[in-house]
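Below you'll find the structure, written out as structure tokens, and then a few comments.
The values are calculated or read from the model by the stated rules, or taken from the named source; none is laboratory data. The shown structure was predicted, so the numbers you read here are calculated from the model rather than taken from an experiment. Cβ: placed from backbone, ideal geometry, glycine included. Neighbour counts: every protein chain shown. To get the accessible areas, we keep the full protein, side chains included, count just its heavy atoms, and leave off ligands, DNA and RNA. Shrake-Rupley method; radii C 1.70, N 1.55, O 1.52, S 1.80 Å.
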Amino acid sequence: MEFIEAPSPNFDARTSPPDILVLHYTGMRTGEEALARLRDPEAKVSSHYLVEEDGRIFRLVPEERRAWHAGVSFWKGERNINGVSIGIEIVNPGHEFGYRPFPEAQVAAVIALVGDIRTRWTIDDGRIVGHSDVAPDRKDDPGELFPWKRLAEAGHGLWAEVPPAPGAPLGEGEEGAGVFALQAGLTRLGYDSAPSGKYDAHTTAVVRAFQRHWRPDKVDGIADGETRARLIALLRLAG
Ligand SMILES: [Zn+2]
């Protein structure tokens, strides 16, 4: 792969090899602005790669080192996400500055980059996630316009579609066995969603993150029948 070297000083040592891939959007007005920030020693943030809208890929931090992209986060029991992940920043203004579809050249570059990274490290499909998956209370990126389905069709990550699934929607304020089962399923998939049986604000945030990734047509934090059916189908794939 062709990379443009753009070293960032913002990294330190890993304690174990990476086995999680975290996708982000930059959430800034331009790619140049984002690249400058990810290389600014004052900002203390970075990623391993940045993918521009025209498909150019910048390499900021060597994969063997820990970049600082995830912050306080959780996936499949792991809290030190930076220590065990590779972070890819995808240029997009994001929800704050004019969220827009990811151009074809950029999507193709991300898919190629993910494939390239996976030749070097063992990263399971169930460990290819978005920033919002690992930090659902704080983050919305890369967001519901990111083509997770296409990434999965290229062989990277989980995707499941289900026939129309009826069932009463579950939402904030509800309690009971159905909520407990939903939270248990989300935990099994990887989310920080310890079952309490109470559909609280955190559960809403987790369901919204799930929908951004796996049910992008409906991002409202309400677990309707189809949202729950997709979760079950994904758990079957994840094994
Ligand atoms: Zn992010």
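Points worth noting:
- Here the stretch 51-127 yields Rg over Rh of 0.97, to two decimals, using C-alpha coordinates and the Kirkwood radius.
- Computed on the chain, with alpha-carbon pairs under 8 angstrom and 6+ residues apart, the relative contact order is 19 percent.
- FRET E, pair Arg236, Lys149, Förster distance 25 Å, beta-carbon r, rounded to 0.05: 0.90
- A cut-off of 5 Å between modelled amide H atoms, ignoring neighbours fewer than 5 places along the same chain, links Leu170 with Ala223, Asp224.
- Volume of the convex hull of the stretch 157-239 (Cα atoms only), normalised per residue: 83 Å³.
- Carbon/sulfur fraction of accessible area - the chain, other protein chains in place, 1.4 Å, %: 53 percent
- Over the C-alpha trace of the chain, radius of gyration and Dmax come out as 17.5, 53 angstrom.
- Size descriptor, Kirkwood hydrodynamic radius, that averages inverse alpha-carbon separations across the stretch 1-142, Å: 14.9 Å
- Listed cross-link partners Lys139/Lys218; Lys76/Lys139; Lys149/Lys198 are compared with a 20 Å cut-off, the Cα-Cα value being larger for Lys149/Lys198.
- Heavy atoms of Thr15: accessible area, 1.4 Å probe, square angstrom to 10: 130 Å²
- FRET efficiency estimate (nearest 0.05) - Cβ-Cβ, Phe97 to Ser196, R0 30 angstrom: 0.25
- Counting DSSP beta bridges with both ends in the chain, the antiparallel % (nearest 5): 40 percent
- Annotation: extensible slack from Asp220 through Thr187 equals 10.0 nm (criterion: 0.36 nm per residue apart, minus Cα-Cα distance).
- The label point for Ala168 and the one for Glu42, both projected 7 Å from the Cα toward the Cβ, are 5.6 nm apart.
- Extreme residue, positive dipole direction of the chain, given options Trp159, Val219, His95 (C-beta unit charges): Trp159
- For the stretch 12-141, a simple Cβ point-charge model (Lys and Arg +1, Asp and Glu -1, everything else neutral) yields a dipole of about 340 debye relative to the Cα centre.
- Accessible heavy-atom area order of Asp125, Asp224, highest first, probe of 1.4 Å: Asp125, Asp224
- Label point distance in nm, Val72-Arg120, each placed 7 Å from Cα along Cα→Cβ: 3.1 nm
- Residues of the stretch 34-73 with an amide N closer than 20 Å to a point placed 7 Å from the Cα of Ala13 along the Cα-to-Cβ direction: 61-69.
- Solvent-accessible area per residue, Å², over the chain with all protein chains present [probe radius 1.4 Å]: 44 Å²
- Scoring 32-41, 179-188 by mean Cβ neighbours within 10 Å over their residues and listing the highest first yields 179-188, 32-41.
- Counting only protein heavy atoms and using a 1.4 Å probe, the accessible area of Tyr25 comes to about 30 Å².
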